Amino acid sequence: MRISEIYASLQGEGLLAGTPSTFVRTSGCNLRCTWCDTPFTSWAPEGDDMPLGAVRAAVEALGGRHVVVTGGEPLLLADAAELCVALRAGGRHVTVETAGTVLPAVREQVADLLSISPKLASSTPPDATPGGWRTRHEATRRRDAVLRELAASAPHQFKFVVDSPADLAEVRDWLEALGTVVDPGRVFLMPQGRTAAELEPRSAWLERECRRSGFRFAARHHLAWFGARRGT
């Protein structure tokens with residue numbers, strides 16, 4: 001599988017924020033979010049091809065119980081799903097971070113926590129984006145049947161990246177369409193931003209909106225803790 005980086009850090013988002021974790025970041029994605037904060041796994045994917053055993057050995061060397069398998073889109077890779085199953089069998093707590101557009105390539109449960117981040121319309125790149133990515137992204141980003149199956153397969157959290165107040169209506173409509181399979185107590189709204197300076201104004205209004213409307217607010221702690229740098 002193509003691996004961008006493997007490192008130890010703290011989970012910065014969602015239910016397990018602050019938890020010491022080993023991160024396995026795969027390279028490659030079927031989406032092209034205009035605000036992607038890991039372009040080295042999507043717009044210009046880079047990394048090394050590593051066999052499953054080598055990835056497991058790297059995780060073992062870093063120690064710790066919690067492992068986060070992220071990307072890019074890790075569920076594109078059959079080896080990544082097999083890695084998750086093997087790590088869980090070895091006693092690790094596995095979080096898989098996914099956009100929810102593809103299903104795992106194995107039948108076994110792949111995660112103790114599925115962190116599902118469906119991409120709103122504001123994520124779609126501009127018309128002039130090379131490679132036809134506006135059309136490709138828009139045609140791929142919403143897969144409600146996949147989202148329902150993922151949510152039913154394991155404990156989950158939903159994290160919507162919100163760029164502006166206009167996104168909130170789409171979040172509400174989307175959740176209504178998905179129905180009762182989504183745990184409403186595990187729906188987070190997370191401000192879009194790739195730097196602490198970008199996050200500050202968006203976080204202020206979004207946190208107020210979450211208090212008003214009953215959504216959970218997901219701070220992006222890792223940017224405050226480490227800044228916008230790799231390996232954190």
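Observations, loosely collected:
- The stretch 33-87 and the stretch 111-159 have Cα centres lying 18 Å from one another.
- For G71, distant residues with modelled amide H under 5 Å away: T26
- Using C-alpha pairs under 8 Å with a sequence gap of at least 6, the mean separation divided by the residue count of the stretch 2-226 gives a relative contact order of 18 percent.
- Applying a 4.7 Å Cβ-Cβ cutoff to the chain leaves C29, C84, C210 as cysteine residues with no disulfide-compatible partner.
- Acute angle (nearest 10 degrees) that the helix 78-89 long axis makes with the longest principal axis of the chain, alpha-carbon atoms: 70
- Global form of the stretch 2-226, assessed from the alpha-carbon gyration tensor, a/c cut-off 1.5: rounded
- Backbone amide hydrogens, once placed in the peptide plane, bring A219 within less than 5 Å of G14, excluding anything fewer than 5 places away on its chain.
- Summarising the amide proton neighbourhood of F23: residues at separation of 5 or more, or on other chains, whose placed amide H is nearer than 5 Å comprise Y7, A8, S9, V68.
- Isotropically averaged projected area of the stretch 1-115, using the convex hull of Cα atoms (one quarter of hull area), nm²: 6.4
- Calculated [θ] (222 nm, deg cm²/dmol) that DSSP helices of n ≥ 4 give over the chain, each run adding -39,500 (n - 2.57): -10000 deg cm²/dmol
- Cα-based helix-to-principal-axis angle, 52-62 vs the chain, degrees rounded to 10: 80
- Summary of packing: across the peptides 150-161, 74-85, the per-residue average of other C-beta atoms within 10 Å ranks them, highest first, as 74-85, 150-161.
- Of all DSSP-defined beta bridges confined to the stretch 1-109, some 55% are antiparallel rather than parallel.
- Positive contributions from Lys and Arg (+1) and negative ones from Asp and Glu (-1), summed over other residues with Cβ under 13 Å from the Cβ of R92, come out at +1.
- Residue (of A128, A89, A61) at the positive-pole extreme of the stretch 24-173, dipole from beta-carbon charges: A89
- Ordering of 180-191, 221-232 by burial proxy (mean other Cβ atoms within 10 Å per residue, highest first): 180-191, 221-232
- Packing-based order for 129-135, 214-220, using average beta carbon neighbours within 10 Å, highest first: 214-220, 129-135
- Among beta bridges from DSSP that stay inside the chain, the antiparallel ones total about 30%.
- With respect to the chain, whose longest principal axis is taken over its alpha-carbon atoms, helix 196-213 is tilted by about 70°.
Where a number appears in this text, it was derived from the coordinates with a stated rule and is not lab data. Nothing here was measured: the structure is a model prediction, and the numbers come from that model. Please note: Cβ atoms are built from the backbone with ideal geometry, for glycine as well, and neighbour counts cover all protein chains shown.
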